[in-house]
Amino acid sequence: MPARPSSSPRRPVGTVTRGTTNPNRLRRMDRWIAAVQGPVLRRSADPVAVDLGYGAAPWTAVELLRRLRAAEPRTEVVGVEIEPARVAAALPYEEDGLSFVHGGFEIPLPGPADGRRPLLIRAANVLRQYDESEVAAVWTRLRARLAPDGLLIDGTCDEIGRRHVWIALGKEGPRTVTFATRLGSLDRPSDLAERLPKALIHRNVPGEPVHAFLRDFDRAWAAAAPYASLGARQRWIRAVGSLAADWPLAGPAAGGGRSRWRQGEVTVEWRALAPNSDETDAFRGT
Ligand SMILES: C[S@@+](CC[C@H](N)C(=O)[O-])C[C@H]1O[C@@H](n2cnc3c(N)ncnc32)[C@H](O)[C@@H]1O
């Protein structure tokens, strides 16, 4: 296992927040990440991924390692946590390919001092506890740490992982927004609104694109009601398919397409959901 980062004289960047987590909570996100970033991990000479803010117990990092190793067995996962006691609690769970370090948005990584760059930074249920005004600057900082083909995931989910929404960003800026749900638990797609990441949750109001998207999704879901007799999955696939007429849905290369719809997911281009009044380049992308 590579050497730990030498202790930095500077404080980790960020703020300690609630450490709530749960086993298997992030499985939907993990599966999507493995599908999208698996080929990138396989091509890399140094396939390293970060579980940023893994919380009071290290479950999500352990599970991320398992799921990414199924895609690329050389993958290494580093759990980065700003609360020192949570790092101490995680250390007994270190194993081949899995380490835990104390740090924040600066993303310290074990290994050579010349700096490794992660192919994935996954921040799940972390930025939701920050102010909306802080998000763009955090995105910019984290994107700058990524390897050239790296992916940043800023996502949110409920306690047991039935409902997720995550934003995927590359080094160039935000790319897509994915909505993922256990279909049997859904009354209507806008149930997912309460899990929107910080950059979008306050924009779920009339006049903002994400509000229009969820309104159209609810309408498409209602129109697809006759398919409910074939199961919620068929109803979802039908509703998502009809959304494609008006909304730019991502194709398979970006984590979309019919095979992902079958999982209870839909991935939309960020440009269609970006807030209207996004003052910053980080929200617009470049
Ligand atoms: C709600 S928990 C999320 C746990 C896990 N990711 C999950 O989704 O189940 C958020 C964790 O993020 C940590 N955190 C907040 N800001 C951070 C930062 N800047 N760097 C590293 N960890 C951070 C908090 O200390 C907390 O343990």
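The values are calculated or read from the model by the stated rules, or taken from the named source; none is laboratory data. Not measured: the values here are computed from a predicted model. Don't worry about glycine lacking a Cβ; one is built from the backbone with ideal geometry, like all the others, and counts go over all protein chains shown. Ligands, DNA and RNA are stripped out before the accessible areas are found, and what is left, the full protein with its side chains, is counted by its heavy atoms. Shrake-Rupley method; radii C 1.70, N 1.55, O 1.52, S 1.80 Å.
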Flagged in region 84-108 as in a loop (DSSP other than H, G, I, E, B), surrounded by 16 or more Cβ atoms within 10 Å (Cβ to Cβ) and away from the ligand (no atom under 13 Å from the Cβ), in numbering order, are 97
(1) more than 12 Å from the ligand (Cβ to nearest atom); (2) among the charged types (D, E, K, R); (3) under 22 Å from residue 19 (Cβ atoms) all hold for residue 171 apart from (3)
Practice task
Could you tell me whether residue 141 is part of a helix (DSSP H, G or I), within 14 Å of residue 50 (Cβ to Cβ), open to solvent by 10 Å² or more (accessible area, probe 1.4 Å) and touching a residue at least 60 places away in the same chain (Cβ under 8 Å)?
Solution key: yes
Residue set 38, 79; condition assigned to a helix (DSSP H, G or I) and open to solvent by less than 10 Å² (accessible area, probe 1.4 Å); output residue 38
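So, residue 60, is that one away from the ligand (no atom under 15 Å from the Cβ), buried (at least 23 other Cβ atoms within 10 Å of the Cβ) and at pLDDT 95 or above or not? Even if it seems obvious, please write down each step before you answer.
Values: away from the ligand (no atom under 15 Å from the Cβ): no; buried (at least 23 other Cβ atoms within 10 Å of the Cβ): yes; at pLDDT 95 or above: yes.
No.
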Checking 256, 251 in turn, the sole residue that is within 23 Å of residue 197 (Cα to Cα) and touching a strand residue (DSSP E or B) at 6+ places or on another chain (Cβ under 8 Å) turns out to be 256
The helices (runs of 4 or more DSSP H) lying entirely within region 147-259 that contain at least 3 residues which are open to solvent by 30 Å² or more (accessible area, probe 1.4 Å) and without any contact (Cβ under 8 Å) to a residue 24 or more places away in the chain are 209-223, 232-243
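Which residue, of 135, 177, is in contact with a Leu (Cβ under 7 Å, 6 or more places away or on another chain) and within 15 Å of the ligand (Cβ to nearest atom)?
Details: 177 fails: within 15 Å of the ligand (Cβ to nearest atom).
Going through 135, 177 in turn, just one is in contact with a Leu (Cβ under 7 Å, 6 or more places away or on another chain) and within 15 Å of the ligand (Cβ to nearest atom): 135.
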Of (1) acidic (Asp, Glu); (2) away from the ligand (no atom under 12 Å from the Cβ); (3) open to solvent by less than 50 Å² (accessible area, probe 1.4 Å), residue 46 satisfies every one except (3)
| task | Considering every residue within region 152-162, establish whether at least one is under 14 Å from residue 50 (Cα atoms) and over 14 Å from the mean Cα position of the chain (by Cα). | result | no
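Filter region 111-127 for residues that are modelled with pLDDT under 95 and either buried (at least 21 other Cβ atoms within 10 Å of the Cβ) or of a type outside the set (Asp, Glu) (or both) and give the result. Don't jump to the end; show me each part of the working.
As a first pass, look at region 111-127 and keep what is modelled with pLDDT under 95: 111-116.
Result: 111, 112, 113, 115, 116.
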